[in-house]
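Each remark here refers to the structure printed beneath this line.
All of the numbers you see were taken from the coordinates with simple rules; none came from a lab. These numbers were taken from a predicted model, which means no experiment stands behind them. Backbone-built Cβ (ideal geometry, glycine too); neighbour counts: all protein chains shown.
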């Protein structure tokens, strides 16, 4: 086994956790798709083949990226952000609509869909990390900060927020944390926050004043979800998905009902994605769920450790951003399933069904591993390289 990890360089722990997640994903998604078959048709085998294809594609993308020098990722950051903005605008006008949201573009010839926001999240984190290094001497210049840090952040988050508010909030928060870590002056931070608040308020005001324009087509959905979670809404039909998620967790108990034997997954929309954690507990149990949380924590710790021991600030910022992005999505999925926060669309990274999300998560980890590979080419944990990195 050890000889195989000589090809998987960088950090053995991240490789092991990732492969464990991907293997679990194949089994669990195959078990969680009955609700999708009811609504969209198809067979479990067809979804299994499609999901396995994305996993294989993601793994090889991760392997290829981890072999590259991370400096090339930084040099590509401007192209990535411009391409992401163009793709988001294209999606805005010509995207595939699913559940009243236009988030996907259809890939020509093969016919598969790709969620443009998944690329935009990665691109913005990489671009922000790059600009924090390049623009550091100019942090006292409002024009530099606004154009090179604020404008891309506001534009990407605005394009995402139209159909996926929670993703925009998560991305905005992570980028602001990177601004803070990158020592952007507090005056500029609060100024950008104020500008963002004013722009957001104006968009909401326009949407409420001219509802026929459809500026925020999912506004009513967001409000309904909020009041169902925190208001006095007692409509059991409207709250069915959240209530069924709670029942699934209760039904799972400590040890779960067994793989494939879950009953509530057949009544939970997005059981294979947005409500993955609830379906997982029903079949695998709370004890395994705590193990899952522990693995995510270890993954985040390893990413953070690689970043803090990186040779360049750009690499440190990229690792922190990617680690926060993966961990925050997992936490939000868990909090939605346990009704701590309102229902929103965040799946479990590396576990839930979703082609573009799976591929971009693997690519993101590939970048982290390429940074780790510079200090630990063999990817094997030994006392010698452990001492060098500590």
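Provide the FRET efficiency to the nearest 0.05 for the residue 180-residue 78 pair, computing r from the beta carbons and using R0 = 22 Å.
0.45
Tell me the relative contact order for the chain as a rounded percent, counting alpha carbon contacts under 8 Å between residues six or more apart.
Relative contact order of the chain: 30 percent.
What does the convex hull of the alpha-carbon atoms of segment 152-212 project to on average, in nm²?
Answer in nm², one decimal: 4.2.
Can you put 283, 136 in order of Cβ neighbours within 10 angstrom, beginning with the fewest?
136, 283
Order the peptides 270-276, 211-217 from the highest to the lowest mean number of other Cβ atoms within 10 Å of their residues.
270-276, 211-217
Mind computing the radius of gyration and Dmax over the alpha-carbon atoms of the chain? Å is fine for both.
21.1, 65
Could you tell me whether segment 126-255 comes out rounded, prolate or oblate from its Cα gyration tensor? Rule is a ≥ b ≥ c as square roots of the eigenvalues, rounded for a/c under 1.5, then prolate if a/b exceeds b/c, otherwise oblate.
Since a/c reaches 1.5 but b/c is at least a/b, the shape of segment 126-255 is classed as oblate.
If packing is taken as the mean number of other Cβ atoms within 10 Å per residue, what is the order of 292-303, 176-187, highest first?
Descending packing order for the listed peptides: 292-303, 176-187.
For segment 244-329, what is the Kirkwood estimate of the hydrodynamic radius, computed as the reciprocal of the mean inverse distance between distinct Cα atoms, to one decimal in Å?
14.3 Å
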